[in-house]
Amino acid sequence: MTWGKSEELGITGWLVRPASWQARVTAVVLLLASVFEVYRRSGTDGSDNAFVVKAASTFLHGGSPYSDRRFLYLPSSVLAAVPEALLPHWMLRPLVPTLTAGLVVAGWFLALRIFDVPWRSRLATLVAGGLAFFAPFRSLVALGNWTAASAAALPLALLLMSRSRWSAAGVVIGAAVAVKPMLVPLALLFLFARRPRALALAVGVPVALSLPAALVMPNPTFFFTRTLPFLLHGQDAFARPFDASLVAVLPRIGVPVDVAAALAAGAAAAGVWCAWRRWNGAVGAGALERGRPEVPGWWSGAGRACVAERLRLVETAAMLMLATFLVSRPAFDHYSLVVLPVLLASAVVPGSVPRQAWFWIALVPQVPVIDWPFLLPDTRRAFKDAAMLGGLAALLAWRCGRARRVLVPEQGGAAGPPRPAGSRAAL
């Protein structure tokens with residue numbers, strides 16, 4: 001396989017070549033050790049997962065799941081948690097961290113498929129093994145948080161979109177929202193792409209799953225009278241110190257609450273604008289054009305346009321999610337696992353965000369072996385998390401904001417004037 005002699009293609013060639021079997025085994029051992037350590041040290045099935053299981057158990061016993069304000073999900077999540085509520089604790093204790101880690105790893109391998117990177121590649125092995133040293137992954141596995149479902153659903157949805165299966169992607173996003181309403185911002189991506197049917201499915205699936213559950217549970221209106229006010233006010237004193245959103249972090253360093261809210265809203269709006277600009281434009285095309293004609297199919301000829309289109313999908317979706325994390329309450333460190341797999345998979349593309357040093361600098365605070373001055377108590381961890389999420393958002397916004405609007409010809413060589421890059425014809 002010839003990858004060309006340029007530096008950029010040399011990096012790509014090294015990343016996609018198969019890793020040694022020793023490296024793959026090491027990555028598996030590291031992941032299994034992380035899961036086993038959570039099982040060994042924790043006497044629960046994940047504190048966040050326990051809230052959902054408790055809500056499902058309350059529902060099975062005739063009570064309202066929303067009597068506990070810490071249950072923050074849609075009624076459809078109650079039905080999804082019923083199987084867990086029926087299992088004994090000794091089964092949930094190893095099952096929850098294993099499934100949580102498995103969903104994140106599955107999301108990583110799905111993200112690789114977006115760019116046709118082999119699962120045995122060095123990139124796949126390095127990131128899979130590196131998860132064991134990444135604080136948000138360790139936190140997610142310990143908590144058993146259902147963010148793991150979104151971490152797997154986003155790469156799957158983008159993979160389907162890259163294959164022009166937008167309706168199927170809408171179903172995936174809708175199912176993920178029904179489990180945990182985290183991928184709601186991707187509704188804007190369907191609007192950008194002018195895919196009303198996919199948008200209708202993304203909205204209709206959670207509604208169709210939540211309505212029957214709401215009809216059979218007592219006091220479903222508690223979701224609006226108790227849960228939403230609790231969520232919009234940043235939850236309680238236990239969770240608030242871990243909230244990494246700008247609305248929560250800035251007041252802790254002396255910024256007035258109203259000013260912090262305005263700054264967060266402005267940053268989120270700017271992020272959405274950058275996502276829209278990225279969708280309607282092209283950036284970094286020169287790096288792709290440096291590829292030689294004899295490189296593999298997806299780098300040559302029409303393949304370069306295909307890779308650029310997939311990169312546009314990934315960066316637009318990631319920008320929308322990161323913009324939301326800046327203003328949403330709450331925003332925790334493990335939210336980064338929703339966007340990082342697809343961004344890391346794009347490392348095979350010259351000029352992508354992971355090819356920049358600032359991308360890795362933003363992740364340095366999440367290496368757990370480093371004791372950062374003044375941030376040692378867990379209640380101050382939110383500052384590190386805000387630095388990571390804000391750094392990733394700023395870096396991606398800088399890249400997306402530089403996009404220029406381009407015109408592409410109709411697919412299949414059809415006659416007629418070129419269409420904007422964000423139109424349906426471009427896909």
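Please treat every number below as a calculation from the coordinates, not as lab data. These figures come from a predicted structure and were not determined experimentally. Positions of Cβ are generated from backbone atoms using ideal geometry, with glycine treated the same way; all protein chains shown enter the neighbour counts.
Taking amide H as placed 1.01 Å from N in the peptide plane, S121 has its amide H under 5 Å from the amide H of A19, each at least 5 places away in sequence or on another chain. Sorted on the mean count of surrounding Cβ atoms within 10 Å across their residues, most packed first, peptides 207-213, 48-54 read 48-54, 207-213. State the Cα centre-to-centre distance between the range 348-382 and the range 75-150 in whole Å. Between the Cα centres of the range 348-382 and the range 75-150 lies a distance of 21 Å.
Computed over the range 17-170, the Cα gyration tensor eigenvalues convert (square root of 5λ each) into semi-axes of 31, 21, 10 Å, ordered from largest to smallest.
Placing a label point 7 Å from the Cα of N219 along the Cα-to-Cβ direction, the residues of the range 66-88 whose backbone N falls under 20 Å from that point are 66-79.
For V367, V255, V117, the sequence from fewest to most other C-beta atoms within 10 Å is V367, V255, V117. Each peptide in 103-110, 158-165 was scored by the mean count of other Cβ atoms within 10 Å over its residues; highest first, the order is 103-110, 158-165.
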